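Below is one structure, written out as structure tokens, with a few remarks after it.
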Amino acid sequence: MLKSFSLCFLVSLPLLFSSCSSSSDDEENETGNVSVTSPEKRLLKVEVIEDSFTRAGTRAGEDGTRAPGDIIYTETLSSFTMSYQTDKYSFTKTGTGWTPEAYTWPTSLSNDEKIDFYAYNCPDSWYQYNNGNPYISFSTEEAASYQNDFLVAVHRGISYNDRNGVVTQHFHHVGTAVMFNIHKTNAVADKTIVVKKIVLKNVYNQGDYYINSEEWTNLAYKDNKQSDAIFTLYSIQSGADALTLTTDYQTLPCNWLFLIPQSKTGKTLYFEYTVDGVDKTKEISIGDEEWELGYAYTININVGTSFL
């Protein structure tokens, strides 16, 4: 469901007064005071809409498959930057509204001249205008607590006169959201299985998202280090308590991971755990299915007899 709200920023325009002096009191009485108004101030206003993630359903496989990350919705989008060429406009939510800085329509443009506005909620340094073919140079943090849902919008071919300065930014999610649940199967229900660490491995963590074509390119490992392309889903070394498995699914406390969409093969999960007090490790494949742009996936980890 699309949710939208209109954000209109109004500024009171003071009248400027100046006195016209004359050579005599009689002339001044005749002319009086002349009122001078400033030129029209073309305010830049925004509307915000967000397309929700498409739920891809739950995938379960035999024996596997920040404060916790949260998916951003229209109501929870807290800030974004809007760009026209190299001009930047930053908006921040305060209460139920947004705080601009009295932005105005680009002064070099006529009322009928059509332009494109781009918007994004990532760090401003990631955005590259690239001579009209803008892209976001994106990298994913290893710790889920530092990851954020990544949204982009563009309003193409709009003039001031089209809607009296109102720009609609229709945000959509350009990453992939992945959540993991874990339980032990009935076949090992009598075993005490305690998880100490779970790591997602062999996942691209760097790439460029081109806004006009809506495509990811240049997927890679940061600094060309595949060994560093890991995402810790759970670890007692990070201060978490050891996770004792039950036959009911538990969502890993990392909540959503926000990753670069990819079809890369060889994605695995690495485990450190104990079975009845005996230390063990295991690495399993989670398949080669594509993680698509704008999709949210839930992966169920079924800990069964192959973990013993």
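Nothing in this text is a laboratory measurement; each read-out follows from the coordinates by a stated rule. Bear in mind the structure is a predicted one, so any value in this text is a computation, not a measurement. Please note: Cβ atoms are built from the backbone with ideal geometry, for glycine as well, and neighbour counts cover all protein chains shown.
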### In sequence order, calculated HN-Hα J values of the range 291-308 (Karplus, 6.51, -1.76, 1.60; Hz; x Gly/Pro)
9, 8, 4, x, 10, 10, 10, 10, 10, 8, 9, 9, 8, x, 5, 5, 8, 7
### Cross-link pairs Lys184/Lys264; Lys45/Lys114; Lys201/Lys222 - those with Cα-Cα distance over 24 Å
Lys184/Lys264
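Restricting to DSSP loop positions (anything but H, G, I, E, B) with no more than 16 other Cβ atoms inside 10 Å of their own Cβ, which trypsin sites (Lys or Arg not before Pro) remain in the range 218-292?
Counting only loop positions with at most 16 other Cβ atoms within 10 Å, the trypsin sites (Lys or Arg not before Pro) in the range 218-292 are Lys225, Lys264.
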